[in-house]
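One structure below.
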Amino acid sequence: MKCKVILNNGKAGGFFTANGELNIGRDGFGIFYDLDGDKCFLRYSNGEIVQERRGSVPMLMRFKQGQETSCTLGMGAASGSFPVYTDRIQIKNDAKSVEVKLNYTCGGENVTLEITAKER
């Protein structure tokens, strides 16, 4: 379904909106959207969130509550990765919306990211 996507990291300049597509299934969901000309998606399945951005600087982040995963920036020889520790994942959803709240540590910085997708 077509949706409005809201991303908020709680910092100045850290609030973004985009139009996108929300697909809710029996085992999880996917949110697909464009941001600053890049193709982005966020998938949730089996207790794991994968956030990917394809464009000028590709990025792939994985989140699993209570575990260390990774963030990879770039592609091929021009890529690098660093650890991400996810303190908490909160998911609320119904047939027409999804709310995700992530608390994680990346590069020594504690981050809270809220992502909402609601039917337009």
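The values are calculated or read from the model by the stated rules, or taken from the named source; none is laboratory data. Nothing here was measured: the structure is a model prediction, and the numbers come from that model. Backbone-built Cβ (ideal geometry, glycine too); neighbour counts: all protein chains shown. These area figures cover heavy atoms from the full protein model, side chains too; ligands, DNA and RNA do not enter into them. Shrake-Rupley method; radii C 1.70, N 1.55, O 1.52, S 1.80 Å.
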Checked against the positive end of the charge dipole of the chain (+1 on Cβ of Lys and Arg, -1 on Cβ of Asp and Glu, about the Cα centre), the farthest of Phe16, Val98, Ser45 is Val98
Over 21 Å between Cα atoms: which of Lys4/Lys101; Lys11/Lys39; Lys2/Lys92; Lys64/Lys96; Lys11/Lys64; Lys64/Lys118 fall into that group?
Lys11/Lys39; Lys64/Lys96; Lys11/Lys64; Lys64/Lys118
Rolling a 1.4 angstrom probe over the protein heavy atoms, how many square angstrom per residue are accessible across the chain?
58 Å²
In debye, nearest 20, what is the charge dipole magnitude of the chain about its Cα centre with +1 on Lys and Arg Cβ and -1 on Asp and Glu Cβ, if you could check?
260 debye
Per the 1.4 Å probe, what fraction of the accessible area of the chain, in percent, lies on carbon and sulfur atoms?
47 percent
Could you put Thr116, Thr86 in order of accessible surface area, largest first, with the 1.4 Å probe and the full protein assembly present?
Thr116, Thr86
To the nearest 10 square angstrom, how much accessible area does Lys96 have with a 1.4 angstrom probe?
120 Å²
Ranking by accessible area, most exposed first, for Phe41, Phe63, Phe82, Phe15 with a 1.4 Å probe:
Phe15, Phe82, Phe41, Phe63
Pick from Asn46, Asn23, Asn93: which is most flexible by mean-square fluctuation in a GNM of the chain where alpha carbon atoms under 10 Å apart are linked?
Asn46
Area of Thr105 that stays accessible when all protein chains are in place (1.4 Å probe, Å², to 10):
40 Å²
How much accessible surface area, in Å² rounded to 10, belongs to the heavy atoms of Arg120 with a 1.4 Å probe?
150 Å²
Please compute the contact order of the chain in relative form: average sequence separation of alpha-carbon pairs under 8 Å and at least six residues apart, divided by the residue count, as a percent.
21 percent
Quick calc, Lys2 & Glu52: beta-carbon distance into FRET formula, R0 25 Å, rounding 0.05, result 0.80
